[in-house]
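Structure first, commentary second.
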Amino acid sequence: MRILGISAHYHDSAAALLVDGVPVCAVQEERLSRRKNDAAFPLAAIEWCLDAARLEPEQLDAVVFYEKPMLKFERILTMALRSFPRSWRSFPRAMKNTLGAKLWVKGIISSQLGVRASRILFTEHHQSHAATAFLTAPTERAAILTADGVGEWATLSLGRGSVDEAGNVSLELLRELHFPHSLGMLYSTFTAYLGFPVNEGEYKVMGLASYGPPSFEASIRKMVRRTSDGALALDLSYFEFHEGARRSFSDKLVAELGPPRDPLDPIDLDTPEGARYAAIAASVQRVLEDILVDLARSLQRETGLDDLCLGGGVALNGCANARILCESGFRNVYVPSAPGDAGCALGAALAADRLHFRQPHRAVPDHPYWGPEVDAQELARIAVEDGLELAQLPREDELIDRVARELAQGRIVGWMQGRTELGPRALGNRSILAAPHGAEMREKLNRSIKYREDFRPFAPAVPAEHAERFFELPPGGVRLGRFMSGVFRVRPEWRERLAAVTHVDGTARVQTVEREMAPRFHALLEAYGAAAGIPVLLNTSFNLAGEPIVNRAVEGYSTFRRCGIDLLVAGNTVVGKQRAARTAPEEAVA
Amino acid sequence: MRAAPSTLDFLLVPLHRWVWADTQRRARKLLRFAETEADGGRDLSRAAELTRDPSLRRLYLRHAEDEMRHAELFRRRGRELLASRARVFEANWLAPGERGLDDLDVGSQSDESLLAFLHLSEKAAAGRFAVYRDVLGGDPQTRAMFARILEDEEFHMSYTRKQLARLAPRRQGLRLWTARAARLWKAYLRVATAVAGVFGTLMLALQYFLVLPLFAVLAKRAARREPEGFSRARADPPLESQY
């Protein structure tokens, strides 16, 4: 069967293609449109998936959208009615927003792709998250916990999945929490309160949290109450997001915590205001973690299972994931590379295949590399045109040695290999790599490449077999680090030598690299270890602030030219910033 | 190529002087400019990625780097000025500054039409920056910053014009007029969309108050009856349905 999965219209739209039960490609629209967090209908992503598989739309057996638009509309309308008359300002905007395109998904898919309406299916939003988490994980029986801002009505769901010997899949969501009570919205509200963009700045809240004591914890616990059945209920008098008003928090929250941060104000942690922001971030992080750990612990007791699959945007919170692994009783915690809405394109297609069409389960290859392949020749052509120093190293060992040597000498490398990752993290195919040893490298990266706040940490990548030497990994930690989904403590004796990737609280969001998943990246880490003594590299996403992660070689090249990256590698092609003998005649034509 | 204020900007000099006189307002405007410049830089780097012409690629990349540097200059100066938290009327619509390339779909433009658009856009921005420089007599640092940026803007005006002449020696005038018309059309679309938006909002607000109250009472009553905590998830929701 050929099934196309689509997620779109809210944030991070994407497409994924399943052929005979196995994904063949998946890509976020932003990687192709070059608009960060692009929420538009993912036409470019769909076209790329179909081209890559050499399929025409009419050859598809089904197109699956990742949520149910009418159910979502029902929620939007109901919330407007419930908050009447306070919703009078937001109602026209919500209606225009929804009635414009978001409600007519079936017609849009049908007209854009020329697919018969009867072939268009709709999964529920959290069913898509659950399918992404469970059906891509290497487990046959697992509990499932999904949490995000909101889907249709559900904001959090608990369930379990299993695959029997015949390959029949059961994916059962036992219960769910409904909007407006939402852990994702709680965290997003504080993201907005702290002056960061929602759906993008949540990482910043997590990074900032390490700089403060959770001294506002009691205040935040007043805003979110546990219910008798183990769920949670927000005290809505502190929030306004459910009324769709001008902001997501109320004056009462401001009275409790003090004035919100203006997005234009820089965060200076040495000032009382900066310290207050950090303390608030730490407090909301603590509350989120405690609730998630408690929910996971109850789920483990209820199901008696060893494995937990986590999905939804909240599963991007590596600190919470690590605590769940350590404290909930589950032996393994699986988080897909794209637990957010982008991954739902894949989850929707998998859910349709296994649950609707009842196709037998087939193991999904356990890697995140589903996007377009980098074209090294494209980079070589551009470098020659621009008169830059170029080396093509067809022998793998020669390439690895050269790059490892450059990294050991303190150079910063733009590293593009194979197919681009699905999900928000660069996992060794579209990465900026650097030596992790000195704090000055972190400052250099922040100042001349990433142009971002000083309080945000950089992540290390380490071969899986060496990970426990440098990081305090609990059982199951190597697995959680596969897609950089857990934050763990750096062993004290290594913190000084891993200063660029050790956060202020002594932790790091480590990526554990298995040879089978990323052989070339693994070889580079080993070679770097041989050259520098420690097989750990700083690995950050290959993009500049405000831009999506690079996809094509030319995008890597344009990024390389505009920032302090010293060396660009695409496939076997290596380009340095030094000019070749022939100089470019640009001044003459300007 | 020298920057010259448009007639409108020239006439609005007193207004610009008033807008820029307040330190807080000046700081916030500079921080907004920083965002616009950064957006413009991203569009230019995209243009560099898409063009097949190596000379243009190099120039677009240089232009993108200039925009990034300008963004940093604006950001730094804005933060220096942002001394207190006092709120002021920012008057962004009165002095919109450099609009950047924010409503330009770089991917859909040919090299020629993009160059024509860039030339006009840079020319307009340079003219306005010249006015800002002139009205900032009381703030020599910000004035010097605008003067420095203006030099880059003049280079951008110049290279886009020369490259347009290289690529379309016979059609350059036509390209420029087409770009002017496109800018006007976009301005019209912005206004028309805003007017339609206001009209739509009024109609929906009217319906909200006329039609919804009864349903709102019912919805509120239903909400009160809802138990708190978990709900049972639907078992096997049918995938054919949008509900």
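Could you tell me which trypsin sites (Lys or Arg not before Pro) in region A:218-255 are loop residues by DSSP with no more than 16 other beta carbons within 10 angstrom of their beta carbon?
Numbers: sites: A:221, A:222, A:225, A:226, A:246, A:247, A:252; in loops: A:246, A:247.
In loop regions of region A:218-255 (DSSP not H, G, I, E or B), the sparsely surrounded trypsin sites (Lys or Arg not before Pro) are A:246, A:247.
What share of the DSSP beta bridges in the protein assembly as shown is antiparallel, in percent to the nearest 5? Mind dumping the intermediate values first?
Working: 59 of 80 bridges.
Taking every DSSP beta bridge with both residues in the protein assembly as shown, the antiparallel ones total about 75 percent.
At 0.36 nm per residue, minus the direct Cα-Cα distance, what do residue B:192 and residue B:53 gain on full extension? Give it in nm, one decimal, please. Don't jump to the answer; show the numbers that get you there.
Details: separation 139, 0.36 × 139 = 50.04 nm, distance 3.65 nm.
The span from residue B:192 to residue B:53 would gain 46.4 nm if fully extended.
Using the 10 angstrom Cβ neighbour count as an exposure proxy, how do A:369, A:277, A:203, B:159 rank, fewest first? Before the final figure, lay out the partial values.
Details: A:369 20, A:277 28, A:203 17, B:159 25.
Least to most surrounded, the residues fall as A:203, A:369, B:159, A:277.
Which listed residue (B:141, B:178, B:237) has the Cα farthest towards the positive end of the charge dipole for region B:130-243, taking +1 on Lys and Arg C-beta and -1 on Asp and Glu C-beta about the Cα centre?
Positive-most Cα among the choices belongs to B:178.
How many nm separate the modelled label positions at residue A:577 and residue A:218, each set 7 Å beyond the Cα in the direction of the Cβ?
Taking the two extended label points, one gets 5.2 nm.
Among B:158, B:23, B:45, whose Cα lies farthest out toward the positive end of the dipole of the protein assembly as shown, if unit charges sit on the beta carbon of Lys, Arg (+1) and Asp, Glu (-1)?
The one lying farthest along the dipole's positive direction is B:23.
How far apart, in nanometres, would the label points at residue A:20 and residue A:402 be if each is projected 7 angstrom from Cα along the Cα-to-Cβ direction?
Using points 7 Å along Cα→Cβ, the separation is 3.9 nm.
Nearest 0.05, what FRET efficiency do residue A:93 and residue A:162 give at R0 = 60 Å with Cβ-Cβ as r? Walk me through the intermediate numbers first.
Working: r = 43 Å, r/R0 = 0.72.
So, using R0 = 60 Å, E works out to roughly 0.90.
Which FRET efficiency, nearest 0.05, do residue A:469 and residue A:331 yield, Cβ-Cβ r, R0 30 Å?
Working: r = 22 Å, r/R0 = 0.73.
The calculated FRET efficiency here is 0.85.
Cut-off 17 Å, label point 7 angstrom out along Cα-to-Cβ of residue B:76: give me the residues of region A:226-267 whose amide nitrogen falls inside.
Counting backbone N atoms under 17 Å from the label point, the list is A:266.
Measure off 7 Å from each Cα along the Cα-to-Cβ vector at residue A:270 and residue B:162, then give the distance between these two points in nanometres to one decimal.
With each label placed 7 Å out from Cα toward Cβ, I get 4.5 nm.
Could you work out the Rg to Rh ratio of region A:87-231, with Rh taken as the Kirkwood radius (inverse of the mean 1/r over all Cα pairs)?
On the way: Rg = 19.3 Å, Rh = 18.6 Å.
Rounded to two decimals, Rg/Rh equals 1.04.
Relative contact order for chain A using alpha-carbon pairs under 8 Å, separation at least 6, rounded to a whole percent? Let's see the in-between values first.
Working: 1316 pairs, mean separation 95.5, N = 590.
That works out to 16 percent.
What is the gain in length, in nm to one decimal, between residue A:59 and residue A:229 on full extension, counting 0.36 nm per residue of separation less the C-alpha to C-alpha distance? Write out the running numbers ahead of the final one.
On the way: separation 170, 0.36 × 170 = 61.20 nm, distance 4.73 nm.
Additional length available on full extension: 56.5 nm.
Just how large is the dipole of region A:469-569 about the Cα centre, in debye to the nearest 20, putting +1 at every Lys and Arg Cβ and -1 at every Asp and Glu Cβ?
Values: 13 positive and 10 negative charges, 17 e Å.
It comes to approximately 80 debye.
Please rank A:128, B:110, fewest neighbouring Cβ atoms within 10 Å first, as an exposure proxy.
Details: A:128 32, B:110 12.
So the ranking, lowest neighbour count to highest, is B:110, A:128.
Note down the relative contact order for chain B as a percent, whole number, built from C-alpha pairs under 8 angstrom at least six residues apart.
Values: 228 pairs, mean separation 56.3, N = 243.
In percent, rounded to a whole number, it is 23.
Over the Cα atoms of region A:419-542, Rg to Rh with Kirkwood Rh, two decimal places?
On the way: Rg = 13.1 Å, Rh = 14.2 Å.
Looking at region A:419-542, the ratio lands at 0.93.
Classify the protein assembly as shown as rounded, prolate or oblate, taking a ≥ b ≥ c as the square roots of the eigenvalues of its Cα gyration tensor: rounded when a/c is under 1.5, otherwise prolate if a/b is larger than b/c and oblate if not. Mind showing how you got there, number by number?
Numbers: a/c = 1.43, a/b = 1.19, b/c = 1.21.
Rounded, because the longest to shortest axis ratio a/c is under 1.5.
Place a label point 7 angstrom from the Cα of residue B:185 along the Cα-to-Cβ direction, then list the residues of region B:110-139 whose backbone nitrogen is under 18 Å away.
Flagged as within label range: B:110-121.
Please give the FRET efficiency for residue A:491 paired with residue B:2, using the beta carbon to beta carbon distance and R0 = 60 Å, rounded to the nearest 0.05. Numbers along the way, then the final one.
Values: r = 62 Å, r/R0 = 1.04.
With a Förster radius of 60 Å, E is 0.45.
For residue A:36, which lysines qualify as cross-link partners when the Cα separation must be under 19 Å and same-chain residues fewer than eight apart are set aside?
Excluding near neighbours in sequence, the set is A:204, A:450.
Project the alpha carbons of region B:104-178 onto their principal axes and report the range along each, largest first, in whole Å.
Dimensions of region B:104-178 along the principal axes of its Cα atoms: 45, 23, 17 Å.
Taking other Cβ within 10 Å of each residue's Cβ, how do A:33, A:90 sort, fewest first? Intermediate values should be presented prior to the final figure.
Working: A:33 19, A:90 22.
Least crowded to most crowded, the residues run A:33, A:90.
Can you divide the C-alpha Rg of region A:360-426 by 2.2 N^0.38 Å and report the result to two decimal places? Could you put the intermediate results ahead of the total?
Numbers: Rg = 15.8 Å, N = 67, 2.2 N^0.38 = 10.9 Å.
Normalised by 2.2 N^0.38 Å, the Cα Rg of region A:360-426 equals 1.46.
Since every read-out is calculated from the coordinates, none of them should be taken as a lab result. Since we're looking at a predicted model, the values are computed, not measured. All Cβ positions, even for glycine, are placed from backbone atoms using ideal geometry, and neighbour counts span all protein chains on display.
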